[in-house]
Amino acid sequence: MQELLVDSDESGVREAEAAIERLAAVHVLDGLAIQEVTLLELHALLTRAKGDEIAYRDYRDRYRAMATSLGFEGHMKWAEAMP
């Protein structure tokens, strides 16, 4: 999914957005920390790909905070690498 959002054209961004919406709609995982942190990451990438820097920074900061509070080391590294 990240590949669709980095250096992607408009159709790739739309495809990624649809996939994110499908993931968010999965109620089996609803409320699980791994789903929530992943959705924050994907929303950050999506808003950046769409050029919405204000929303991007909000999602990025929320992603960083959640990854850190949960101690998810991989996500913490990815979040810190986000400009």
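The values are calculated or read from the model by the stated rules, or taken from the named source; none is laboratory data. Because the structure is a prediction, the values reported are computed rather than measured. Here the Cβ positions follow ideal geometry from the backbone for every residue, glycine too, while neighbour counts run over all protein chains shown.
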I'd like the residue in region 14-38 that is surrounded by 17 or more Cβ atoms within 10 Å (Cβ to Cβ) and among the aliphatic types (A, V, I, L, M) and, out of all such residues, is modelled with the highest pLDDT.
Val37
Under the condition of being assigned to a loop (DSSP other than H, G, I, E, B) and at negative phi, which residue from region 2-13 is modelled with the highest pLDDT?
Asp9
Quick check on my filter: what residues within region 65-83 are in contact with a Lys or Arg (Cβ under 6 Å, 6 or more places away or on another chain) and in a loop (DSSP other than H, G, I, E, B)?
Met82
